[in-house]
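Worksheet: one structure, shown below.
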Amino acid sequence: MSLWRQLTYGLRSLANRAKHDRDVAEEVEQYFEEAEAAWRSRGLSAKDATRAARLEAGSVTVAKERVNAYGWENTARNFFGDLRFAGRQLLKHKAFTATATLTLALGIGANAAIFTVIESILLAPLPYKNADKLAVLDTHWTNSGHTTARVTGPDAVDVRNQARSIEAMSLYSSGNLGVQLRDHSVYTVVTFVDANFARVFSLQPIAGRLLTDADAHHAALVSEQFARDNFANAQAALGQMLQVENEPVEIVGVLPESFDFPAQTRVWEAYPLRPASEERTAFNYKAVARLRSSTTFQAAQTELIGISRRLESAYPEANRNKQILPQPLHQALIGNTRPTLLFLWAAVGLILLIACVNVTHLQLVRSMERERELAIRRALGSSSRQVMQPVILESLLVSLIGGAAGVLLAFPAVRVLVEMAPKDLPRTNEIHLNGWVLGFTLALSVLTALASSVLPALKAAKVDPAETLKQDASRGMTRQGATMLRDGLVVAEVAATFVLALGAALLLHTMMALSDRDMGYQTRQLLVVDADAPAHSDQDAQRAVQQFNGIFAQLAAMPGIKHVAGIMGLPTSAYGSNGYYTVTGAGPVDVNHSPHADFSVASPGYFQAMGIPIKRGRDFSQQDTGESPFVAVISESLAKQSFGNADPLGKQVQCGLDSDKWMTVVGVVGDVRQESPAENPGPTLYMPMTQHPYYGNQIHIVLRTEVKPLTLMNAVQETIARMNPLIAMRFTTMDAMVNTSIATERFRAALISSFAGVGLLLAMLGVYGTMAYTVAQRTFEIGVRMAFGAERGAILSTVLAHAAKLACYGIAVGLVLSLLLARLVTSMLAAALAPGWRATHVDPMVALRSA
């Protein structure tokens, strides 16, 4: 029969089962009639001919089954028959179905949620045209191995002019700035870009036009969201004027909401193609480029290394050991996110493993319950495949239902993950469930079905009808191997749970240690105002500093406020400065390792407001003006680093922040952890705002309060707005800033702790299932023992002792750790308490009657 005829015949058979059965019955009857006629022709009587035909071909029923065993349609019919049977069995055993489905829903849902994040951040291409050709330029030093994501202006120009592998390249710098509109100010991310920026990303505005080199310092692009928030729509934003750093610019174009580079940028101001800085040691810019379509990253890197060597020859001092290298933009954006996400995926993978083990255990219990049914099937001639297929299909149905429930759980889980994620997690606006995630979940469900059904299916295939029919589970008569297998699965669950619990404990210990660390200042009762006064020239900056001094005085007089000060370089803030410095009167200096420190510009009273102790000397004062001798306050680490045990007061310090003037050290203060609690305290050089006004217009105002800090937010905002309505403001607290600085660590700890809790719950379900089944199997035995006088306590102790033994074995396999041993054993014993308690309340007469 041709393939087409087989296909059409099979489809007709499936579509009309009654007609197919009639045709088979007629064929079988005709076969037996012809067989009987053949035997009669050999001289047998009609009765003997019928008997001979039956001996040769079997009964009519067996013959029909043999006919139905041929053809793909019969295989499909048997498959769907077993599938319907599996569905009826799941409906019949609702407790098993609900437990297995919930178990898999937790495991698959957690994996689907984490995979959604991983797919959106790590795997999905960037939403830009020619995203695979986009690169950032890094500066790498071959002698130290250090790499920075910045370049100098002249180096970048040389690369742009000489590199043939680069089709377009743009320099940019970005930061949070105040933007002044006609009737209000906003705080947002502003990026300064040259005219090539649009070429790199192949941008098309939704309104207006793109930037040209003639637009430098005069025009800007804004995001679609910025246009809606401030001008109602994109068309209305065109022609509107903004002020950025006191520089008026006109909105000439609006970019689509889908474009988000650098992240959260709302305003792109035009800067000239020729960067202002000509210093080859000033890394003031970032660079993004698009490679030519025919160029690989390897070829571009080879070319840029050659250009770097020529620059090193031309500028041996500034460019010694310096290389400019391309890095794929996608790789640069995800940064250090990959290890964290893969770590979390491994953790949820362990959750799924625990769930699979749990469902495998439940399936084994189900297969043991139906051993007699399977034995009867084998006795009636079913093959191993026919016996295994219902078990596998039952597991497949459970996994698919669990997978569907897991997808439903993944929707809120993804939202929670995005809410919990640290702010520096890239591409969070792109995280959503999609077809790839659904396909992954489906594949995961099928793999889970296969993984959880392997042991039960193999066990079903090995059923010995003669031996199995002798067993009597109701009297506790089961094979020792079955018990050992169930116990082994429980041990595996506990071991996997222990790994998660240990990881969660270590991360929580780290979080507690970070939270308890002394930051070097007092974080509580501290309101922080991110304030940006518009300033473009030195005169603007000086006026801004004078205004801030007046604002400090006004705020200090408000009820509920104890101290007020300003600072550029607040600990844990998004911006600050650092660099090398020089001192006089110090000991021998290693010329190959110049001293390095954080630079901060502060107002008088800053140390008192922050609770930073003044160890020696004095604070800044109103007399430290631009006309008076320059002064500085240093931290204890800087004093020790540069002056050892000598008295630093009166010594001279020089740095390259904004002036080459020497500063006299007038005070020494305590060390602070500048970046986060995870960082060790380091050297810091403090300078007065009045002597460094260039860094005094964009500051943090810190207010030590006597009440809850945020309750003063409105009053503080109104006071500052009265003094200068053009100052853009954002409010937070010092506690919130410190918490944000360790957001990644908190994110990991919270998720791993949640996963450990889910794993513990699943392991408890596994222990519960084992104990409950064991008690059910031993009901007859327990009844007999209690009828002969066994104490309830002894029965309970036996069950609990078995649970404790499994827990201890699991912990030993995972890792013996005494601190967690007692905690996990307690949890496992609690899980076994319910069936154990029921074991002590078995009625002997009921147990004996049930035998």
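The values are calculated or read from the model by the stated rules, or taken from the named source; none is laboratory data. Nothing here was measured: the structure is a model prediction, and the numbers come from that model. Methodologically, a virtual Cβ is constructed for each residue, glycine included, from the backbone with ideal geometry; neighbour enumeration extends over all protein chains shown. For accessibility, only protein heavy atoms count, side chains too; no ligands or nucleic acids. Shrake-Rupley method; radii C 1.70, N 1.55, O 1.52, S 1.80 Å.
Figures for the structure shown
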{"read-out": "Tally, over the range 117-132, of residues that are surrounded by 16 or more Cβ atoms within 10 Å (Cβ to Cβ) and touching a strand residue (DSSP E or B) at 6+ places or on another chain (Cβ under 9 Å)", "value": "2"}
{"read-out": "Residue count, the range 490-527 (criterion: in a loop (DSSP other than H, G, I, E, B) and in contact with an Asp or Glu (Cβ under 9 Å, 6 or more places away or on another chain))", "value": "4"}
{"read-out": "Among (1) part of a helix (DSSP H, G or I); (2) open to solvent by less than 10 Å² (accessible area, probe 1.4 Å) - the single one Ala135 does not satisfy", "value": "(1)"}
{"read-out": "Complete set of residues in the range 206-227 that are in a loop (DSSP other than H, G, I, E, B) and surrounded by fewer than 20 Cβ atoms within 10 Å (Cβ to Cβ)", "value": "Ile206, Arg209, Leu210, Thr212, Ala216, His217, His218"}
{"read-out": "Residue check, Gly550 open to solvent by 10 Å² or more (accessible area, probe 1.4 Å) and in contact with a strand residue (DSSP E or B) (Cβ under 8 Å, 6 or more places away or on another chain)", "value": "no"}
{"read-out": "Of the criteria (1) within 30 Å of Pro326 (Cα to Cα); (2) part of a helix (DSSP H, G or I); (3) not charged (D, E, K, R), which one Asn230 fails", "value": "(1)"}
{"read-out": "Index of the failed condition, Asp424 passing every other in (1) outside any helix (DSSP H, G or I); (2) over 25 Å from the mean Cα position of the chain (by Cα)", "value": "(2)"}
{"read-out": "Residue in the range 678-697 that is in contact with a helix residue (DSSP H, G or I) (Cβ under 8 Å, 6 or more places away or on another chain) and either free of Cβ contacts under 8 Å to residues at least 40 places away in the same chain or exposed (fewer than 15 other Cβ atoms within 10 Å of the Cβ) (or both) present", "value": "yes"}
{"read-out": "Every pair of residues 6+ apart whose Cβ atoms lie under 6 Å, when the first sits in the range 743-759 and is under 13 Å from Ala413 (Cβ atoms) while the second is at pLDDT 80 or above and open to solvent by 40 Å² or more (accessible area, probe 1.4 Å)", "value": "Val758/Leu106"}
{"read-out": "Hey, Ser174 touching a Pro at 6+ places or on another chain (Cβ under 6 Å) and open to solvent by 40 Å² or more (accessible area, probe 1.4 Å) or not", "value": "yes"}
{"read-out": "Counted residues, the range 607-621 - those being part of a loop (DSSP other than H, G, I, E, B) and either touching a residue at least 24 places away in the same chain (Cβ under 8 Å) or more than 20 Å from Ala553 (Cβ to Cβ) (or both)", "value": "6"}
{"read-out": "Members of the range 138-166 found to be open to solvent by 40 Å² or more (accessible area, probe 1.4 Å) and over 34 Å from the mean Cα position of the chain (by Cα), listed by number", "value": "Asn143, Arg160, Asn161, Gln162, Arg164"}
{"read-out": "Wholly within the range 635-747, strands (runs of 3 or more DSSP E) carrying at least 3 residues that are β-branched (Val, Ile, Thr) and under 23 Å from Gly579 (Cα atoms)", "value": "663-669"}
{"read-out": "Test: residue in the range 85-95 that is within 14 Å of Trp345 (Cα to Cα), out of contact with any Phe, Trp or Tyr (no Cβ under 8 Å at 6 or more places or on another chain) and small (Gly, Ala, Ser)", "value": "no"}
{"read-out": "Test for Val583: is it farther than 28 Å from Thr523 by Cα, buried (at least 17 other Cβ atoms within 10 Å of the Cβ), hydrophobic (A, V, I, L, M, F, W, C) and touching a residue at least 60 places away in the same chain (Cβ under 8 Å)", "value": "yes"}
{"read-out": "Candidates Ala263, Ala270, Ala220 - the one that is of a type in the set (A, V, I, L, M, F, W, C) and under 19 Å from Pro127 (Cα atoms)", "value": "Ala263"}
{"read-out": "Filtered residue count, the range 737-761, keeping only those that are open to solvent by 40 Å² or more (accessible area, probe 1.4 Å) and within 30 Å of Gln717 (Cβ to Cβ)", "value": "3"}
{"read-out": "Members of the range 325-347 found to be over 19 Å from Pro426 (Cβ atoms) and either more than 31 Å from the chain's Cα centre (by Cα) or in a helix (DSSP H, G or I) (or both), listed by number", "value": "Ala346, Ala347"}
{"read-out": "From Val666, Val653, Val672, residue being open to solvent by 10 Å² or more (accessible area, probe 1.4 Å) and β-branched (Val, Ile, Thr)", "value": "Val666"}
{"read-out": "Residue identified as farther than 28 Å from Gln363 by Cβ and either open to solvent by less than 20 Å² (accessible area, probe 1.4 Å) or modelled with pLDDT of 65 or more (or both) among Ala100, Ala95, Ala38, Ala18", "value": "Ala38"}
{"read-out": "Residues that are part of a loop (DSSP other than H, G, I, E, B) and aliphatic (A, V, I, L, M), drawn from the range 150-195", "value": "Ala163, Leu181, Ala195"}
{"read-out": "Some residue of the range 450-466 being basic (Lys, Arg), at pLDDT 75 or above and out of contact with any Leu (no Cβ under 7 Å at 6 or more places or on another chain)", "value": "no"}
